[in-house]
Amino acid sequence: MAEKKHNVFISYSSDDRMAVDELVRKLKARGIDVWDDKSIRGGKQWPDKVRKAIQESDTVLVIVSPHFVESPIAQVETGIALGLIEESPETRIIPILLSGIKEASLPPLLRHKKALHAGRMSADKLSAKIQDVLNASA
């Protein structure tokens with residue numbers, strides 16, 4: 001079992017990068033350690049880096065947007081996360097539904113997870129909600 005180094009790993013579609021970057025800034029401002037995929041350089045074996053980062057995280061947040069639902073890479077990350085969580089059940093996975101996504105649209109692997117409905121809330125409000133969820137289950 002890997003030592004937990006991060007509070008949160010965020011899985012998302014690269015098409016949502018601007019919104020996720022803002023959320024990451026807000027989470028970090030609240031003292032939440034977030035693994036950042038910007039450290040993966042071109043040509044690196046990203047699945048290995050992602051697997052290690054998930055193993056080292058307490059919680060996996062899956063930012064589900066219309067882009068995410070269509071992204072094969074995001075689906076691979078989700079599959080990796082769910083597989084690792086089977087081995088390490090203390091790691092939580094929380095789908096965060098953005099505007100335009102309903103629970104019925106979730107990828108099948110996530111439909112049994114309790115989702116957080118973000119709608120159109122600001123990154124600041126969403127980061128506060130995530131912090132509440134993390135604190136409640138700590």
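The values are calculated or read from the model by the stated rules, or taken from the named source; none is laboratory data. This structure is a prediction, so every number in the text was calculated from the model and none was measured. A quick note on method: Cβ atoms are made from the backbone with ideal geometry, for glycine too, and the neighbour counts reach across all protein chains shown.
Within the stretch 27-45, the set of residues being within 20 Å of Thr78 (Cβ to Cβ) and modelled with pLDDT of 75 or more comprises Leu27, Val34, Trp35, Asp36, Asp37.
Is there a residue being of a type outside the set (Val, Ile, Thr), in a helix (DSSP H, G or I) and at pLDDT 85 or above anywhere in the stretch 117-124? Yes - at least one qualifying residue is present in the stretch 117-124. Could you please let me know if Asp58 is closer than 14 Å to Ile130 by Cβ, among the charged types (D, E, K, R), at pLDDT 85 or above and within 14 Å of the chain's Cα centre (by Cα)? Yes. Any residue at all in the stretch 34-55 that's under 15 Å from Leu134 (Cβ atoms) and outside any loop (DSSP other than H, G, I, E, B)? Within the stretch 34-55, one or more residues are under 15 Å from Leu134 (Cβ atoms) and outside any loop (DSSP other than H, G, I, E, B). Could you please give the count of residues in the stretch 51-69 that are in contact (Cβ under 8 Å) with a residue 40 or more places away in the chain and more than 16 Å from Ala104 (Cα to Cα)? Number of matching residues: 10.
For residues in the stretch 12-41 being of a type in the set (Ser, Thr, Tyr) and surrounded by fewer than 19 Cβ atoms within 10 Å (Cβ to Cβ), which is nearest to Leu98 (Cα to Cα)? Per the criteria, the residue is Ser14.
Among all residue pairs at least 6 apart or on different chains, which show Cβ distances below 9 Å where the first residue, located in the stretch 125-136, is over 13 Å from Arg25 (Cα atoms) and without any contact (Cβ under 8 Å) to a residue 40 or more places away in the chain and the second is small (Gly, Ala, Ser) and surrounded by 16 or more Cβ atoms within 10 Å (Cβ to Cβ)? Note: pairs meeting the criteria are Lys129/Ala118. The single condition among (1) of a type in the set (Asp, Glu); (2) over 12 Å from the mean Cα position of the chain (by Cα); (3) in a helix (DSSP H, G or I); (4) closer than 20 Å to Ile32 by Cβ that Glu90 does not meet is (3).
Could you identify the single residue in Glu87, Glu70 that is surrounded by fewer than 19 Cβ atoms within 10 Å (Cβ to Cβ), over 20 Å from Ala19 (Cβ atoms) and not polar (S, T, N, Q)? Every option except Glu87 fails the conditions.
Within the stretch 70-82, residues that are closer than 14 Å to Leu106 by Cβ and in a loop (DSSP other than H, G, I, E, B) have Cβ atoms under 6 Å from residues that are modelled with pLDDT of 85 or more and not charged (D, E, K, R) in these pairs: Ser71/Ser13, counting only partners at least 6 apart in sequence or on another chain.
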